[in-house]
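Since the structure comes first, as structure tokens, the remarks are kept for the end.
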Amino acid sequence: MSRTERTNEEYTDVLVVGGGVGGVAAALAACEGGARVVVIEPYAWIGGQLTSQAVPPDEHRWIETHGSTASYRRFRQGVRSYYQDWYALAPAQGGGLLNPGNGWVSALCHEPRAALAVLRAMLAPWRASGRLVVHTQATLLSATTDGDTVTGVSVRLADGSVQHIGARQVLEASETGELLALAGIEHRTGTESQAQTGEPSAPELADPLNMQAATVCFALEHVDGDHTVDRPADYEHWRAISPPGWPNRLFSWTYPDPRTGRPVTGRFTPNPGAGAASMEEGLVEPELWTYRRILDRQTFRPGLLPSDVTIVNWPMNDYLDGPLFGVPDADWHVRQAKEFSRAFLYWLQTEAPRPDGGVGFPGLRLRPDVTGTTDGFAQAPYIRESRRLEAVTTPAEQDLSVAVRGDAGAVKYHDTVGTGHYRIDLHPSTRGTGYLDVAAHPFEIPLGALLPQRVTNVVAAGKAIGTTHITNGCYRVHPSEWSIGEAAGSLAAFCLARRTTPHGVRETPGLLDEFQSGLAGRGSDLRWPAGTTLTDRP
């Protein structure tokens, strides 16, 4: 038998499928609850959106103090400490809350590898104790079931061997909900119809392949010299794309405002002077360089950095040609999404209009060290929309929307396990649907949204929770995914200790009260403070 044909056996209390934001939070919580945990992650870096996908955090305005969990806030402080301890900061950075990149998308824009260092440190004690095993570069091959129970999975490990991992509790934290498909767990993809959900913004007909665009991000600096990449083979195809509702070609500084649909023309100023555009300024005439900037050279000792570093995750490099999962040619689309981002980079370097009337910014240079790749593109595509559970509870647009709910705030749930906030923010889709950006109230995360209707030992720990296509747009961001993962990991450990099932916890008032008290005790915010409702105009 060859090495690649050998199947080994491994057994654990809790199996976490996916080592992204939710998967890391789930593993931490399950270990802290006394469980033995195995995590399988397809990429070299744990951390998902924060690391392998190179997406600086999308967060709400209260994130420094509430509306998340204590462990997420500990992670954020760990990132700040990473820079304060190891980087030479400019004297002006001595006070206040450090934002290494001064990007205006978030109060904490940082390098992916800073997040990686902190996440690894948070997991280190549990790995040292032997309670936690993390398999990176592990490919999920199959799942085994026994009636309404998932008994384990088979994975191909980085060394080529095949491992069967059996588990008592299984947490679905993958980026695409792949366990749902392999284990035959009922789920949805794409858009539901208005008849299915009653949502004001839902289309008349459902379309399982109408999914939000995915994006392959990349890291750039701007330095002297010509760093133009080779002209992509399909460049003419990519540069000619003009999506429905777009004011012109996709490769342009002008694009539709996500909230109004009106044309907005962005600015692009590599290495601008002091100060970064605010969120509101950005919506009027956004400065794209500072939008997701992760290193602001002016934050650090003069001369330390030759250039800022920014992440390109803009409207112009959203991949619209097809879904990256759930179709026979998914792998091809993954490769094409990267080629599309490469074509956009080539446009930036050669054809993008400059303020001085010229074209092209040949000084733009990829930063492979930032992304942990050989070419400067992210290890993994940023997939905004996963397969979604057909869950016990499914929050819908009318449960969150400011336009529908008015001053009443979002629906409250007796089984809340966390909180979050973000606008209902949907990017253009693979079937030509444009932006949907709707004001939403701060919301609670119901335990029922983490539970399949049928399967008894699987809990969603990431973007695969039971949202609709529309409400996925606000539950998918970093702090919400962490809260979901932490609740799932805590629940798995609680069920093992109490010899019950996830559904049993939700359906038994005494157990639910005990579980929620435990979450609150570990620092999970289960409710928003009174009066936290109307946050902006619809």
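The values are calculated or read from the model by the stated rules, or taken from the named source; none is laboratory data. Quick caveat: nothing in here was measured; it's all calculated off a predicted structure. Counting neighbours? That spans all protein chains shown, and the Cβs are built from the backbone with ideal geometry, glycine included. Just so you know, the surface numbers come from the protein's heavy atoms only, side chains and all, with ligands and any DNA or RNA stripped out. Shrake-Rupley method; radii C 1.70, N 1.55, O 1.52, S 1.80 Å.
Any chance you could look up the accessible area of D321 with a 1.4 Å probe, heavy atoms only, rounded to 10 Å²?
70
What are the residues whose amide H is under 5 Å from the amide H of E287, where those residues sit 5 or more places off or on another chain and H is modelled from the backbone?
Sorted by chain and number, the residues that satisfy this are R267.
Apply the Karplus curve 6.51 cos²θ - 1.76 cosθ + 1.60, θ = phi - 60°, to the phi angles in region 252-263 and return the couplings in whole Hz, x for Gly and Pro.
6, 7, 10, 8, x, 4, x, 8, 10, x, 6, x
How tilted is helix 478-498 with respect to the longest principal axis of the chain? Cα atoms for both, answer in degrees (0 to 90, nearest 10).
Taking Cα atoms only, the helix is inclined about 10 degrees.
Return the distance in nm (one decimal) between the two label points of a simple spin-label model at D85 and R127, each offset 7 Å from Cα along Cα→Cβ.
About 1.6 nm, to one decimal.
Expected output is a single nm value to one decimal: the length gained when fully extending between T144 and S161, i.e. 0.36 nm times separation in residues minus the C-alpha distance. What is it?
Values: separation 17, 0.36 × 17 = 6.12 nm, distance 1.82 nm.
Length gained, T144 through S161: 4.3 nm.
At 7 Å along Cα-to-Cβ for each site, give me the label-to-label distance between E204 and T350 in nm.
Inter-label distance under the simple model: 4.4 nm.
Run through all the Cα pairs of the chain and give the fraction in each 20 Å bin from 0, expressed as whole percent.
Histogram of Cα-Cα distances, whole percents per bin: 23, 58, 19, 0.
Based on the mean of other Cβ atoms within 10 Å per residue, sort peptides 430-441, 335-346 so the most packed one is first. Kindly include the intermediate steps, with their values, before the conclusion.
Values: 430-441: 19.6, 335-346: 21.3.
Averaged packing, sorted descending, gives the order 335-346, 430-441.
Rounded, prolate or oblate: pick one for region 344-390, where a ≥ b ≥ c are the square roots of the eigenvalues of its C-alpha gyration tensor, a/c under 1.5 means rounded, and failing that, prolate if a/b is larger than b/c, else oblate.
Working: a/c = 4.78, a/b = 1.85, b/c = 2.58.
Verdict is oblate for region 344-390.
Mind grabbing the accessible area of R259 for me, 1.4 Å probe, Å², rounded to tens?
Ignoring ligands and nucleic acids, R259 comes out at about 100 Å².
Whenever you get a sec, line up V155, V223 from highest to lowest accessible area (probe 1.4 Å, protein heavy atoms). All intermediate terms of the calculation are to be shown ahead of the outcome.
Working: V155 0, V223 25 Å².
Result of the area sort, largest leading: V223, V155.
Residue-wise, which Karplus ³J(HN,Hα) couplings in Hz belong to region 406-413, taking 6.51 cos²θ - 1.76 cosθ + 1.60, θ = phi - 60°, and x for glycine or proline?
Using θ = phi - 60°, the values come out as x, 7, 6, x, 6, 4, 9, 10 Hz.
What's the carbon and sulfur percent of region 68-153's accessible surface, probe 1.4 angstrom, rounded to a whole number?
50
Which order do R249, R423 take by accessible area at a 1.4 Å probe, largest first? Display every interim value, and only then the final one.
Values: R249 110, R423 30 Å².
Descending order: R249, R423.
Work out the length of the dipole vector of region 280-383 about its Cα centre, built from +1 on the beta-carbon of each Lys and Arg and -1 on the beta-carbon of each Asp and Glu, and round it to the nearest 20 debye.
Details: 10 positive and 15 negative charges, 92 e Å.
Computed about the Cα centre, the dipole is about 440 debye.
Search the structure for amide H atoms under 5 Å from the amide H of H187, placed 1.01 Å from N in the peptide plane, and list their residues when 5 or more places away or on another chain.
E390
Just from its helices, what would the mean residue ellipticity at 222 nm be for the chain, if runs of 4 or more DSSP H residues each count -39500 (n - 2.57) and the sum is divided by every residue, rounded to the nearest 500 deg cm²/dmol? Before the final figure, lay out each step's value.
Details: 15 runs with 144 residues, N = 538.
Roughly -7500 deg cm²/dmol at 222 nm, from the helical runs in the chain.
Restricting the calculation to Cα positions, tell me the Rg (one decimal) and the Dmax (whole number) of region 1-106 in Å.
Every Cα atom of region 1-106 included, Rg and Dmax give 18.1, 63 Å.
Roughly how many debye, to the nearest 20, is the charge dipole of the chain about its Cα centre, given +1 on each Lys and Arg Cβ, -1 on each Asp and Glu Cβ, and no other charges? Before the final figure, lay out each step's value.
Numbers: 47 positive and 60 negative charges, 190 e Å.
For this selection, approximately 920 debye.
Once you have the Cα-Cα distance between R522 and S154, take 0.36 nm times their residue separation minus that, and quote the gain in nm to one decimal. Don't skip to the answer; put the middle values down first.
Values: separation 368, 0.36 × 368 = 132.48 nm, distance 3.30 nm.
Contour length minus the Cα-Cα distance gives 129.2 nm.
Taking the Cβ-Cβ separation of R499 and D375 as r and a Förster radius of 56 Å, what is the calculated FRET efficiency to the nearest 0.05?
Values: r = 50 Å, r/R0 = 0.89.
The calculated FRET efficiency here is 0.65.
Highest mean first, how do 105-116, 183-194 rank when packing is the count of other Cβ atoms within 10 Å averaged over residues?
Numbers: 105-116: 22.5, 183-194: 19.8.
By packing density, highest mean first, the sequence is 105-116, 183-194.
Can you classify region 123-163 as rounded, prolate or oblate using the Cα gyration tensor, where a ≥ b ≥ c are the square roots of its eigenvalues, rounded means a/c under 1.5, and otherwise it's prolate if a/b beats b/c and oblate if not? Numbers along the way, then the final one.
Details: a/c = 3.55, a/b = 1.43, b/c = 2.48.
Cα axes put region 123-163 in the oblate bin.
Just to make sure I understand: if all protein chains stay in place, what is the order of S142, S517 by accessible area at 1.4 Å, largest first? Numbers along the way, then the final one.
Values: S142 45, S517 80 Å².
Sorted descending by solvent-accessible area, the residues read S517, S142.
At a probe radius of 1.4 Å, what is the per-residue accessible area of I40, in Å² to the nearest 10?
10
Please label the shape of region 365-449 as rounded, prolate or oblate, based on the square roots a ≥ b ≥ c of the eigenvalues of the alpha-carbon gyration tensor (a/c under 1.5 means rounded; beyond that, a/b larger than b/c means prolate, else oblate). Show your work: numbers first, answer last.
Details: a/c = 2.36, a/b = 1.93, b/c = 1.22.
In terms of gyration-tensor shape, prolate.
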